[in-house]
Amino acid sequence: REVTVDELRAHGLTGNINIIKPNAANHGVDVGVNGGDEACGAIIVGAPVGDAIYARDFVRKVCDQHAVQLDAIKKFGADYGYAHEAMLLLKMCAAPRLVFLLSLVPYDLAGDEFDRAHADIINTFVEVTNTRAALDNLNNSNTFAEVKTARITRDRISLPSRRGGFGLTKPKDIADNAIISTRLACAPWLANKVPALRDIAMRTSPPPADPT
């Protein structure tokens, strides 16, 4: 059933309340059905609000957009000779974009899409640095030493800078921190606007009943 404005106010939500319904009459907000008849949601201030299928479709589309930008970075560094500048773009722009996406959508909802986006970043790195041959051994070599070297190379690229890596961190390694940071940032606003949520968060467990 549809939730009414009165119900939301009864639960403590204040201010202007607009209930957005996914249909063709909506304007000014990306609302609709994506990824199938069961997927619906809205993009509100840049974040997907909807079911799991909608959120996954949102991640896929954003990762596709990132891939186009990574291709431009690869050409900038590998084809035009601006390797240092391309590395800065990877570290300061491409990687943070992925972290921001992880702060909006839990990793478990679209893990394969997040991993694909990270693989695109790593592939751009090896193209710019001309180290493609080393990583190709990860899948194309039967020699243990070459496979081990390729794995170490990939893992070092993905390590945080403070640990000696390049800082292109694997999504799964930072997913929890990213989503929790968003929740912590939103918590004060939610506590102020929705007292019911604040009361739930502050509620303590009741003491156990006395044995009879």
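Quick notes
- Largest accessible area first, the residues TYR107, TYR80 order themselves as TYR80, TYR107 under a 1.4 Å probe with ligands, DNA and RNA left out.
- Rounded to the nearest 10 Å², the accessible area of ARG154 at probe 1.4 Å: 80
- Accessible area per residue (1.4 Å probe, heavy atoms of protein chains only) ranks SER103, SER181 as SER181, SER103, with the largest value leading.
- Rolled with a 1.4 Å probe across the full set of protein chains, the surface gives MET92 an accessible area near 130 Å².
- Measuring between their Cα centroids, region 109-123 and region 154-171 lie 15 Å from each other.
- Förster-model FRET efficiency, 45 Å R0, GLU7 and ILE180, C-beta, rounded to 0.05: 0.95
- Calculated FRET value between THR129 and ASP64, using beta carbons and R₀ = 22 Å, to 0.05: 0.35
- Residue-normalised accessible area of region 91-134, given per residue in Å² at a 1.4 Å probe: 44
The values are calculated or read from the model by the stated rules, or taken from the named source; none is laboratory data. Here the structure is a predicted model, which is why all the values come from computation and not from measurement. When we count neighbours, we look across all protein chains shown, and the Cβ atoms used for this are built from the backbone with ideal geometry, even at glycine. Please note that ligands, DNA and RNA were not included when accessible areas were found on the heavy atoms of the full protein model with its side chains. Shrake-Rupley method; radii C 1.70, N 1.55, O 1.52, S 1.80 Å.
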